[in-house]
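Accompanying notes for the structure given below.
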């Protein structure tokens, strides 16, 4: 992979994190107030509704984790398909 593509990929990753964090700060959902209800996401304010807490938990971590698992599985299936059919896939 050329250096330009690696750099562009890393910049994109950085900006996604910055955008999610900036939106969270702008919507005032961050704060350490002994959030018992949000568990591992203790930086999400517990005074939010359950639905809003769940959405922020997904946006701030679990959604991206699940998306990475699915993307990894998809890449594996495509690679296996190409290998079995001896095709060059992009």
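Read the figures in this text as sums done on the coordinates, not as results from a lab. Computed from a predicted model, the values in this text were never measured in an experiment. For neighbour counting, all protein chains shown are included, and Cβ atoms are generated from backbone atoms with ideal geometry for every residue, glycine included.
Structure above, values below:
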{"quantity": "Pairwise FRET efficiency - residue 9 versus residue 86, Cβ, R0 = 22 Å, nearest 0.05", "calculated": "0.20"}
{"quantity": "Ranked list, fewest to most other Cβ atoms within 10 Å of each Cβ, for 57, 27", "calculated": "27, 57"}
{"quantity": "Order of 65, 86 under a 10 Å beta carbon neighbour criterion, fewest first", "calculated": "86, 65"}
{"quantity": "For 43, 56, order by how many other beta-carbon atoms lie within 10 Å, fewest first", "calculated": "43, 56"}
{"quantity": "Full-extension gain in nm, residue 28 to residue 73, via 0.36 nm per residue minus C-alpha separation", "calculated": "12.6 nm"}
